[in-house]
Amino acid sequence: MKKSVGLSLLVAVVFLSSFKGDKGVKSTSHAIGHIKNEGFNNSKVMSTLFELTDVNGPRLTGSTGMKNAEKWAAEKLKSWALKNVKIEPWGGFGKGWEINKSYVAMTAPYYQALIAVPRAWTPGTNGLVSGNAELVKIEKEEDMAKYAGKLKSKIIVLATGTTGNETKLNFTADARRLTDSELIKQSWDPHMDDGVTNLNPAAPAAPASPRAAALSLRQKTDSFLLAEGAIAVLSGGRGTMGTVFTSNGASRAWDAKTVLPEMEMGSEHLGRLIRLLEAGKEVSLEMDTRTTFLAADSVENVVVGEIPGTDTALKDELVILGGHMDSWHAATGATDNGTGSAVAMEAIRILKAIGNKPRRTIRIVLWSGEEQGLLGSRGYVKNHFGDRLTMKLKPEHKKVSAYYNLDNGGGKIRGIYAQGNYEAMPIFKEWLAPFEDLGANTVTIKNTGSTDHISFDEVGIPGFQFIQDPLEYGTRTHHTNMDSYDRVSSNDLQQASVIMAAFVYNTAMMDMKMPRKTLPKVNPSPTSYLR
């Protein structure tokens with residue numbers, strides 16, 4: 001990586017040394033040279049990431065941390081002289097929630113502090129509580145009967161079909177980069193191979209899955225444990241070597257059912273408790289978790305800023321870039337999605353710093369509510385461009401050329417998903433040519449889902465997500481207590497910032513807007529992430 005970055009800097013320096021003129025950009029090639037020079041030699045992306053993560057902390061939507069991050073981001077954009085900066089509401093969300101204290105330990109047969117994190121939207125214990133542990137295994141509703149009358153004042157160690165098994169040694173590296181063969185396969189047209197890729201992300205949802213059945217059983221289990229008078233619940237899931245994958249343990253809805261305090265535990269520590277209890281040993285635990293439900297303001301926001309367009313005929317058109325700023329609560333959300341937000345901010349900072357005079361207006365939007373189902377971007381798109389559920393479009397809809405998103409961890413960009421837009425593919429291939437030495441040269445017709453570009457794509461606005469090296473995203477950082485600044489590569493973020501800035505610049509300078517696919521049909525299945 002360092003070698004390729006060094007080569008790019010040399011190219012940029014040669015470009016700039018021969019460039020004569022004012023600070024404005026004279027051509028696309030000169031602009032790319034300016035972008036590379038600013039992005040690699042004067043990068044601010046890591047300082048931006050530090051402030052967003054270490055300084056602001058966890059940013060669960062609806063929490064104080066998220067509100068603070070929105071204020072910070074708006075001030076940062078203003079400091080870079082962006083225009084029309086604002087914190088804009090997109091709609092109601094439900095109850096906010098945050099952690100004030102988190103502690104759990106085994107006190108018998110010996111003392112051991114345990115690795116665990118409260119599940120989002122679960123209550124606290126209201127002070128230190130203690131009790132004997134009780135192992136509960138509920139794989140079907142009928143299993144509840146054998147525990148009736150036995151759980152009062154107990155701390156439940158909840159074992160599912162996957163917890164309590166022997167934790168296997170890991171002989172595969174946690175971090176990896178995409179190989180050449182993987183990228184070649186990625187670039188295949190799905191209509192030429194197995195046709196697996198779904199080019200209609202707005203298609204109706206599949207029938208109820210085993211996951212839905214498991215969720216229903218878990219909700220019934222929660223109600224049963226509460227009714228039986230248990231004190232709290234310790235549960236587990238995916239993750240090893242102290243990594244805990246976090247999630248919500250209750251609904252954020254105002255009328256959500258009451259549940260017990262619950263913590264998700266590291267698999268090694270949960271496994272120890274299960275083995276002791278299965279062996280008939282007495283296990284005692286103590287807990288002190290304090291969580292706060294924030295009911296004062298259910299309206300959530302996005303952060304917006306602009307570089308105004310300068311072409312008389314095109315300045316009302318938009319090129320939008322962004323990433324979601326919200327995170328989960330066990331760490332500081334560095335790779336999900338502090339990196340995407342920091343890269344988007346750095347990209348627009350680069351364009352402002354080089355004196356870019358875009359023909360179209362460039363707008364950055366930093367989202368909230370992504371983790372609960374793209375709520376912020378869908379709310380924003382509905383407010384400004386169109387309703388995916390009715391396909392009733394607003395006048396602004398036709399003014400957007402494209403939206404560019406980053407949200408697959410901290411890995412460098414290796415290419416871009418064309419999202420089923422065949423006419424965009426040759427454009428993107430041309431735009432990636434200056435970055436082949438940085439490892440970015442793949443354009444695939446395939447789509448990728450589950451992040452904020454979908455909110456644009458499902459109403460017919462070209463929305464794109466970049467292909468990124470996975471690094472440790474799926475193994476150590478995505479939704480975990482290890483998602484911190486320490487797991488990020490500065491070289492990768494500089495490369496991603498430069499490429500994102502270049503794509504945004506090129507889109508802003510095109511004579512025509514980005515080509516569009518056929519307008520999608522009405523999406524009849526609104527997504528609900530309320531537990």
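Determine the percent antiparallel among the DSSP beta bridges restricted to the chain, to the nearest 5.
Values: 39 of 69 bridges.
Antiparallel: roughly 55 percent of the beta bridges in the chain.
Of the GluC sites (Glu not before Pro) in region 372-459, which ones lie in a loop per DSSP and count no more than 12 other C-beta atoms within 10 Å?
Working: sites: Glu396, Glu423, Glu430, Glu436, Glu458; in loops: Glu423, Glu458.
Sites meeting the loop and neighbour criteria: Glu423.
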**Study point:** Under 18 Å from the Cα of Lys281 - aspartates and glutamates, other chains or at least 8 residues apart
**Key:** Glu134, Glu268
Review point. What's the center-to-center distance, using Cα atoms, between region 62-138 and region 262-281 in Å?
Key: 24
Check your understanding: Given a Förster distance of 30 angstrom, what is the FRET efficiency for Asn441 paired with Lys86, based on the Cβ-Cβ distance and rounded to 0.05?
Key -> 0.20
Exercise for review: Give the calculated FRET efficiency between Ala433 and Thr64 to the nearest 0.05, with a Förster radius of 56 Å applied to their Cβ-Cβ distance.
Suggested key: 0.80
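Taking R0 as 45 Å, what's the FRET efficiency between Thr107 and Thr179 from their Cβ-Cβ distance, rounded to 0.05? Mind dumping the intermediate values first?
Working: r = 49 Å, r/R0 = 1.09.
My answer for the efficiency is 0.35.
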Exercise for review: Mind listing the long-range amide H neighbours of Ala402? Cut-off is under 5 Å, sequence gap 5 or more, other chains count too, H placed in the peptide plane at 1.01 Å from N.
Suggested key: Ile320
Practice item. Based on a Kirkwood Rh over C-alpha pairs, give the Stokes-Einstein translational diffusion coefficient of the chain at 10 °C and viscosity 1.306 mPa s in µm²/s. Key: 65
Practice item. State the answer as a single residue: which of Tyr147, Gly439, Asn356 lies farthest towards the positive end of the charge dipole of the chain, with beta carbon charges of +1 for Lys and Arg and -1 for Asp and Glu, about the Cα centre. Key: Asn356
**Study point:** Options Ser79, Pro210, Gly411, ranked by Cα towards positive dipole end of the chain, top entry (Cβ charges)
**Key:** Ser79
Exercise for review: Compute the longest continuous run of the chain that contains no exposed chymotrypsin sites (Phe, Trp or Tyr not before Pro); treat a site as exposed when its DSSP state is not H, G, I, E or B and it has at most 13 other Cβ atoms within 10 Å.
Suggested key: 255-421
Point to revise | Residue-span extension gain [Met510 to Thr240] - 0.36 nm each, minus C-alpha spacing | key: 92.4 nm
Study note, to complete from the structure: Among GluC sites (Glu not before Pro) in region 235-323, those in a DSSP loop whose Cβ has at most 15 other Cβ atoms within 10 Å are Glu282
Practice item. For n ≥ 4 DSSP H runs only, could you compute -39500 (n - 2.57) per run for the chain, divide by its residues and tell me the 222 nm figure to the nearest 500? Key: -8500 deg cm²/dmol
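In this model, which of Lys78/Lys382; Lys36/Lys446; Lys392/Lys517 are farther than 24 Å apart at the alpha-carbon? Display every interim value, and only then the final one.
Details: Lys78/Lys382 26 Å; Lys36/Lys446 28 Å; Lys392/Lys517 17 Å.
Table pairs above 24 Å Cα-Cα are Lys78/Lys382; Lys36/Lys446.
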Revision key, fill the gap. Given unit charges at Cβ for Lys, Arg (+) and Asp, Glu (-), the dipole magnitude of the chain about its Cα centre in debye, nearest 20, is 900
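Kyte-Doolittle mean at least 0.5 and Cα extent at least 15 Å along the axis: which DSSP H helices of the chain qualify? Let's see the in-between values first.
Details: long enough: 2-17 (22 Å, 1.62); 28-41 (19 Å, -0.68); 64-79 (23 Å, -1.11); 210-227 (26 Å, 0.08); 267-278 (16 Å, -0.06); 339-353 (20 Å, 0.82); 490-509 (29 Å, 0.47).
Span-like helices in the chain: 2-17, 339-353.
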Practice item. Averaging over all projection directions, find the projected area of the Cα convex hull of region 357-492 and quote it in nm² with one decimal place. Key: 9.7
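Rank the residues Leu366, Leu225, Leu432 as a footprinting-exposure proxy: fewest other Cβ atoms within 10 Å of their Cβ go first. Let's see the in-between values first.
On the way: Leu366 29, Leu225 25, Leu432 21.
Fewest-to-most ranking of Leu366, Leu225, Leu432: Leu432, Leu225, Leu366.
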Check your understanding: What are the radius of gyration and Dmax of region 436-531, computed over its Cα atoms and given in Å?
Key -> 16.7, 47
Study note, to complete from the structure: quick shape note, region 296-443: Cα extents on principal axes in Å, largest first -> 49, 39, 33
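Throughout, read-outs are computed from the coordinates displayed, never taken from laboratory work. From a predicted model like this one, the values you see are computed outputs, not experimental measurements. When we count neighbours, we look across all protein chains shown, and the Cβ atoms used for this are built from the backbone with ideal geometry, even at glycine.
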